[in-house]
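Scroll down for the structure; my scribbles are underneath it.
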Amino acid sequence: MTTTTDTQTVRQAGARPAPPTPPKRRGGLSVVGRAPQDTPAGVWTYVLLSLTFLIAIYPIYWMFVIATSTDAALAEIPPKFLPGAEFSRNLREVFSMQDVYFAESLVNSFIVSTVVTLSVLFFCSVAGFAFAKLRFKGSNALMVMVILTLTVPNQLGVVALYILMGYMPGEGGWNGTLLAVIVPGLVSAFGVFYMRQFILGAVPDELIESGRVDGATTMRIYWSIVLPAIRPALAVLGLLTFVGTWNDFQWPLITLGGTDFPTSMVALFDLASGNYVLYRRVLAGAFVATVPLIVLLFVGGRQIVRGIMEGAVKS
Amino acid sequence: MRGLSHRLHRFDVKQMPYVLIAPFFILFAIFGLFPLIFNGVVALRTWRLDDPAQDGWAGLGNFEKLLSDEDFWNALYNTFGIFVLSTIPQLFLAICIAFLLNRQLRGKIWFRVSMLLPYITPVTASTLVFLVVFGRDTGTANWVLSLFGMDDPIDWRAGKLQSWIAIATMVNWKWIGYNALLYLAAMQTIPRDIYEASALDGATAWKQLWRITVPMILPVVIFTVVLSTIGGLQLFTEPMLFEPNPAAATGGANGEWQTIAQLIYKTGWKNLNLGYAAAMSWALFLIIVIVAAVNTLLTSRLGGGRR
């Protein structure tokens, strides 16, 4: 925590434009007196990075190839490279599989991820605002608690969480309902921490003071001063939360597995289970469940990258 | 009227901050902290899913059983095997890729975003792909190996080492790009004059990476070591779905790659013994804390020695 200010100074120094010295030797192999980030990348850097890119995208591309093919494609050596023409047939089969509930599962995943994301954005930004800009007794100790909870591996409480859900109000408790996957995700320690860090730097104290002088209430200040200033951070946290919730598997499997109301990850598990599994179907389903996230990465990739990189520097 | 608005103002200044942070603490206490503590109680009981009447105190019975449970030790062994095979190459390759990204690149953003493709892909989906890639007869992995002259196809599910390698490959594929971005972020905060000073002895870029850059980003390296310890020791989805029939949760015909998280799931929701599953969770919690602490120490030692 105490390193924040150091980091910020360092980052300011880092933002200084690069000294306009010409490359002293061949780029990439040897650096003389220059920081790596000011050294132009050599051919090999591009070659190796492109190779990395191919390895990163290959399984996703191949998922699409099999999803569009017949059963015979799986037996081809060397592996089939171009997509086939069977995508719509495979999809139709996935959506009509009994006991998989694939269409419902996509709707469920959208509901869960959207509700969790909106809730995390609201609760974490108001809490982050309180910790960053309001004075109250015990705020430091409480913030330390938030940071400690960041390191708690929540997954280890799943047995007790399952029992707890059984005692929740309503017939039979919450297990097997979307409440069981939504409610525990409504807040996140990372979100509070991230928002606090961002608000500390993005909202000047004077602005809040002047709001106070004008007689604005705390919520009014949050709404008209803080919210407009933290839009970029909301985008980052929202994207990360949506991806994380969409991809969550262990807890949804435990609480929703075997019901007719799964999330899409649980439905994929059902698709791959049983006696008669066809991988062109399984991978067609997997591809459909992946597409929304690829679209998100395409639209919000910059924000996701920035969120991950800022998170690294601030911790 | 004046009194009321005064009181409202006092409330807004004194109590409002607590109202704003309350949702986080309340929800976290109920659904985060309480299950962890309650887990300790469940571990001391004979809690079964199929027969609530059997619920009673077991004392330390579950923990005693754990010590002599071959399945548990096998799962622990597998978890560590996969953990070592995934963490070390993962962090090493992430440093190398961050090194490549830390240049003046054309299409810089594009490269960075593409590194996150595996990170945003659902583990469930990617593992189902790898399940086919690591098939014995027609899998892509064996075909690639055959290009390098390994003509005996490997049966990736027939033994510990090969199944561990297959699963570690999935973990590495997913996390290398993500960690590379974390390292890249840290690398860009290193003050430029440090490189200016070091260049005097004509270090190559590769040497510069290991002598200057890596020691400078050590805090982030330690952070990622802790993160991958916490994540790696709880590995669940990959071992679950690597199985041709995932619902079995056995991690191979003879438990070749069954991890602890998977064994907890099987004990609790297949064998319906929640009390025993809770005891395993507590054991895993302890192990994670110890390993994370040891790894932090080791990493800071190693990094300190390199300088």
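Over the protein assembly as shown, the fraction of Cα-Cα pairs per 20 Å bin, rounded to whole percents and listed from the shortest bin up, is 18, 50, 29, 3, 0. For region A:175-315, the dipole from Cβ point charges (+1 on Lys and Arg, -1 on Asp and Glu) about the Cα centre works out to 300 debye, to the nearest 20. Look at the dipole of chain B built from charges on Cβ: of B:VAL220, B:PRO244, B:LEU8, the Cα furthest out on the positive end belongs to B:LEU8. Residue farthest toward the positive end of the dipole of the protein assembly as shown, with Cβ of Lys/Arg at +1 and Asp/Glu at -1: which of B:ASN273, A:THR114, A:CYS124? Toward the positive end, the furthest listed residue is A:CYS124. Derived scalar couplings between HN and Hα for region A:40-49 equal x, 6, x, 4, 5, 4, 5, 4, 5, 5 Hz in order, rounded to whole Hz, by the Karplus curve 6.51 cos²θ - 1.76 cosθ + 1.60 (θ = phi - 60°), x for Gly and Pro.
Using only side-chain charges placed at the Cβ, +1 for Lys and Arg and -1 for Asp and Glu, the dipole size of region B:65-306 relative to its Cα centre rounds to 740 debye.
With 0.36 nm allotted per residue and the present C-alpha distance subtracted, the B:TRP57-B:THR138 stretch has 24.0 nm of extension available. Rounded to whole numbers, the Karplus 3J(HN,Hα) couplings from phi for region B:257-262 are 10, 5, 8, 5, 4, 5 Hz, using 6.51 cos²θ - 1.76 cosθ + 1.60 with θ = phi - 60°, and x at Gly and Pro.
Averaged over the residues of peptide A:243-254, the number of Cβ atoms from other protein chains lying within 10 Å of each residue's Cβ is 4.
Here the peptides A:47-53, B:55-61, A:88-94, A:35-41 are ranked by packing, the mean other Cβ count within 10 Å, and the order with the highest first is A:35-41, A:88-94, A:47-53, B:55-61. Net charge in the neighbourhood of B:ASN78 (other residues with Cβ under 15 Å of its Cβ; Lys, Arg +1, Asp, Glu -1) is -3.
Placing +1 on each Lys and Arg Cβ and -1 on each Asp and Glu Cβ, with no other charges, gives the protein assembly as shown a dipole about its Cα centre of roughly 2640 debye. Within the shell of other residues whose beta carbon sits under 15 angstrom from the beta carbon of B:THR87, the net charge comes to 0, with Lys and Arg scored +1 and Asp and Glu -1. A straight line joining the Cα centroids of region A:186-218 and region B:234-292 runs 42 Å.
Note on B:HIS6 and A:TYR276: the model spin-label points, each 7 Å out from Cα along the C-beta direction, lie 8.1 nm apart.
Here the label points at B:TRP73 and A:ALA202, each 7 Å from Cα along the C-beta direction, are separated by 5.4 nm in the simple model. Mean per-residue shielding of peptide B:271-284 is 2, counting Cβ atoms of other chains within 10 Å of each Cβ. With θ taken as phi - 60° and the Karplus curve 6.51 cos²θ - 1.76 cosθ + 1.60 applied, the whole-hertz 3J(HN,Hα) list for region A:80-94 is 4, 10, 9, x, x, 10, 9, 4, 5, 5, 4, 4, 4, 5, 4 Hz, x standing for glycine and proline. Legend: calculated FRET efficiency, B:TRP210 to B:LYS270, from the Cβ-Cβ distance at R0 = 56 Å, rounded to 0.05, equals 0.75. For B:ASN142, the shell of other residues with beta-carbons less than 14 Å away shows a net charge of -3, using +1 for Lys and Arg and -1 for Asp and Glu. Contact order for chain B, expressed relative to its length and based on alpha carbon pairs under 8 Å spaced 6+ residues apart, stands at 28 percent. Modelled spin-label separation between A:VAL295 and A:ALA75, with each label point placed 7 Å from Cα along the Cα-to-Cβ direction: 3.7 nm. Name the residue from B:ILE264, B:ILE287, B:ASN254 whose Cα lies farthest towards the positive end of the charge dipole of region B:213-307, charges +1 on Cβ of Lys and Arg and -1 on Cβ of Asp and Glu. Value: B:ILE287. Database remark: amide H of B:ARG45 closer than 5 angstrom to the amide H of B:ALA58 (H placed geometrically; neighbours at sequence offset of 5 or more, or on other chains; Pro and chain starts carry no H). Packing here is the average count of other Cβ atoms within 10 Å per residue, and on that basis the peptides A:183-193, A:229-239, highest first, run A:183-193, A:229-239. Take each residue in B:35-45, count the other chain C-beta atoms within 10 Å of its C-beta, and the mean is 4.
Per residue of chain B, the DSSP helices (runs of n ≥ 4 H) give a summed -39500 (n - 2.57) that works out to -21000 deg cm²/dmol at 222 nm. Annotation note: chymotrypsin sites (Phe, Trp or Tyr not before Pro) in region A:54-146 located in DSSP loop regions with a Cβ neighbour count of at most 10 within 10 Å are A:PHE81.
Computed from the coordinates by the stated procedures, all read-outs in this text should not be read as laboratory data. Keep in mind that what you see is a predicted model, and the values were worked out from it rather than measured. Here the Cβ is made from the backbone with ideal geometry for all residues, glycine too, and neighbour counts use every protein chain on show.
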